[in-house]
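Contents: one structure, followed by commentary.
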Amino acid sequence: MVSKNVKIIIAIVVAVIMVGTAFAVLYHPPKTPFTDVSQTAAPPSLDPATGFFTTNGPLFAADFQELVEFNGSSATQVVPVLAHNYTNYKDQNYTFNLRTYAKFSNNQSVNASAIWFSFYRGLIMAQGPYVADYSGILFSGTAYSNTTIALPWGTIDALESAGYTINGKNMTDNYTIAAKDLDTILSHFNYNSTEMKVMSYKNQALVVNSNYNVSINTLHKYAFLLQDIAGWWGAIVEPSYIDAHGGVKYNSPSSYINLNGAIGSGPYIISSVGKGFSTITLKANPNYWVSSTAISNGTVPSIAQPAHITPIVIKYGLSHTSRVATFDKNQSQISTVAPSSFKNIIGSYYNKADANGKLAKSYSEIGTFYISMNVGRSYTNNTHFRQALYDALNYSKEYAIYNNNYNGTPEAFQELGPLSPGYGHAFYNPNNYPLAKQNLKGAIQNISAAGNELHFYVTINGHKYGDTSGTDLSSHTFTLTGISPATSLETSQLTIAIDSFKSHLGLTFNTQFVPESTTAGWKTPHSTPHFVDLGWLPDYSDPIGQQLIDVYDVSQGGIGNKAWVDNSTLQHIFTNLDFENKTAQEKAMYGVQNLTYNQYAYMWLPMPYDVYFVQPYIHNFVWNPFVEYFYNLMYISYKGSVSPSASVMPVYSAMTSIFMAGVKIF
C-alpha cells in the first residue's frame, strides 16, 4: 500500500517530467564537463618559471597566485592577493605584508621565504619569462650579457654575509660560484640559520624581513614593478615540492615541473595531464584558503574568489573543424574560430534563439604580429634583401583574411610596429609614417641591389634581376616557420606571403611548423630560423621595457627579438633611457622609430583580436590583455539568478534536469 503523501510526491514528479518533456527543446545542459577548446596550441611548459606563451595564461591564473594581481580586465590596476597590503617607496623599494592565512594547495603556508624562493628560483633558472621581465630590474642585464647568468642583484654580498666564500678569478667565475651556491640553497630549502641570513640580507633584490613581510628592491626606479609581478612570472610556488622533484639548477628548466606542474595556492589544481599536453583537467583546490564570505565582505579581492565550476577540461590544439563542431553541439563552453567561420559556427548553433553575433567576444590586444627576418643569417643579413620582401608582401590581402563572414567586421587592426597604437601616438608613430603597403617597384629595386651585393640573381616574369653571373636564387627554397598546430589563419597568412614572394620576387618558400617548446632552443642567430611567423605580446603595459626592448634588444635575441637585431644606437638608448621620465621616452621615440622602420627586420602583420565564442549560460567571462581569462570568475546560470559566489557545477544529475526542465535557459 502506498501512502497518500507518497502518491502526491509521485504525482508532482510525473507532472514535472511531463512539463520537462514538453519543453525539453528549451533546456540544453552541457553534454560534457566544462570544456575549453579555445587554445589552439599546447603550452610549452607547466612551470610558471618557464612557460612563456599565451596558452599558459588561463591555466597559470587558475593554479598560481601572486603578491598582487591584475584587477579583472584592467591592464594597469593591481590588487593585493597573497599580500594583504604593500608600500611603495620612491618606485624602488616595495614592501609587502602577507596574508598569514594564505595556504598552498598542500596546506603549507605561503610565507615570505616562499616568496624569496620563487623569485630567486625563476631568476637563476634564466628561462624566457624571468629574463624578459626582470632584466635591469632584479638582475643586471649587462652582467647577464657578460656571464650568461641571471643572478639576482646583491646575491654575492648576501652569500658572503652568511659565510660563503666567493673568490673567483673574474666576474664570470664569481657569478658561477654564486649561482651554484644559490642552487644548493634552493634545492635543499630548509629555513636553517644560514639560509635565513642570506634571505634577510638587506641590500639585495628580495629581502625576507620577517615570516610574513618581504621587500622587493629594484636596481633603479621602476614604476611598473607591481604590474610586472602581477603576471605568472611573479607566481609563487611551494618550495618543498620543487626540491622533491629535482630541485633548482641555474640556466636550466626543470624537466619534471615542466611536464607535471608545481604546487601553487590558486583556486584550482591540476588533476590530470594528457599525453603531449593534449588535455589538462583542473579541479577545485580542496584546501583553497579564500572563502566566499571573504570575497563578499571585501576581505579578499574578487579576482581571488573560489572556483565555481569544476572540473575544467582544457583541450589543446583541436582542429578548426572540431572547435566549430564541439561548440555548436554544446560539447564545449569556450571555443575560437577563424573569422571566415563566424557565419558557420553561428548558423549551425544548436539553440537557434541565440544563434547571433553575441556568441562572439572580441578584444583588441596590445602587441605585434610579424614575420621576422633573421639579420644574423645569410641573405636576411642584407638590408636590401629584407626590404625587398617587406615591399613585396601583399598587406591588403593579409588584412582581408581577418574579415569575419558574419557581419564583415575585421577581427584585427593594422599597425606599423614595433609599438602598439594603444600606447598613444607619441610612442606608436611620432613621425607620422604611413602604414606598410605593397610597393612592387621598390621590391624590384631592392632585390636587384641585394643580388648585386650578394652575387645572386632572380628571375621574375622572364627577366633576370641582380648579378646575372652569380647564383640563381630562384632555384633556392626558403622556409617560413610557424607554430604548430597551424591554424587556418596562420596557413592563410603564410600562403599570401609565399605567393607574394614568388610572384613579385621570384623567390620560392615553403612552410614548417614547430611546437612552442622548440622556440626555447632558439638561443643564437644560427639556431633561429631565417623567417619566423609569430608575435610578441607584452606582459604588462610598459611600452619600452615590455615591447620595444623585447623585440629589438640583442639580449632578448631568440626570446622576443626573433630577428636578432643588434644595433649599437638602439642598445645605447636602451641602456641609458630614463625609465621614470615619460617625456624623455617620448622624445627618444622619434629616433627609435626611424631606426626600426629603416632596418626592415620585421614584416609587420595585422594584429588579430583575441576572439572567443562563449556559451550564453557561462557568465562573468572576464578578459585581461595579459592573462586572457579567469576560470574561477566564471559561473553557470540558466536563469541569471545564480550568485557568482555560489558553487555551481557543470555536471547535472537527472533530478536536476527534471526540476529545471521547462525553464528557458538563455
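Since every read-out is calculated from the coordinates, none of them should be taken as a lab result. Quick caveat, the model's predicted, so the values are computed rather than measured. Quick reminder, even Gly has a Cβ in these numbers, built from the backbone with ideal geometry, and neighbours come from all protein chains shown.
Could you list, in their original order, any pairs among LYS31/LYS275; LYS103/LYS197; LYS358/LYS502; LYS397/LYS441 whose Cα atoms are separated by more than 30 Å? Correct reply: LYS358/LYS502.
Might you report the magnitude of the Cβ-based charge dipole of the chain about its Cα centre, with Lys and Arg at +1 and Asp and Glu at -1, to the nearest 20 debye? The partial results should precede the final answer.
Working: 35 positive and 40 negative charges, 395 e Å.
I would put it at about 1900 debye.
Report the local net charge at SER332: Lys and Arg +1, Asp and Glu -1, summed over other residues whose C-beta lies under 15 Å from its C-beta. Intermediate values should be presented prior to the final figure.
On the way: positive: LYS31, LYS315, ARG323, LYS329, LYS361; negative: ASP36, ASP328.
Local net charge: +3.
Expressed to the nearest 5 percent, the antiparallel share of DSSP beta bridges inside the range 72-263 is 95 percent.
Just to confirm a number: summing +1 for Lys and Arg and -1 for Asp and Glu over residues other than THR459 whose beta-carbon lies under 12 angstrom from that of THR459, what do you get?
So the environment of THR459 carries a net charge of +1.
Rounded to the nearest 20, the size of the Cβ-charge dipole of the range 368-608 about its Cα centre is 540 debye, with Lys and Arg at +1 and Asp and Glu at -1. Take every pair of alpha-carbon atoms less than 8 Å apart whose residues are at least six positions apart; their mean separation over the length of the range 368-608 yields a relative contact order of 31 percent. The range 162-244: which trypsin sites (Lys or Arg not before Pro) are DSSP loop and have at most 10 other beta-carbon atoms within 10 angstrom? Passing sites in the range 162-244 are LYS169. In this entry, the range 72-263 is assigned a mean projected area of 10.7 nm², taken as a quarter of its C-alpha convex hull surface.
Which whole-number percentage describes the relative contact order of the chain, with Cα contacts under 8 Å and a sequence gap of 6 or more? Relative contact order comes out at 20 percent.
With both partners inside the range 368-608, how many of the DSSP beta bridges are antiparallel, as a percent to the nearest 5? Write out the running numbers ahead of the final one.
Details: 17 of 29 bridges.
Bridges in the range 368-608 that DSSP calls antiparallel: roughly 60 percent.
Look at the alpha carbon pairs under 8 Å that are at least 6 residues apart: their mean separation over the length of the range 72-263 gives a relative contact order of 31 percent. The alpha-carbon of LYS587 sits under 14 angstrom from the alpha-carbons of these aspartates and glutamates, leaving out residues fewer than 8 places away in its chain: ASP578.
Taking R0 as 35 Å, what's the FRET efficiency between THR459 and SER364 from their Cβ-Cβ distance, rounded to 0.05? The partial results should precede the final answer.
Details: r = 42 Å, r/R0 = 1.21.
So, using R0 = 35 Å, E works out to roughly 0.25.
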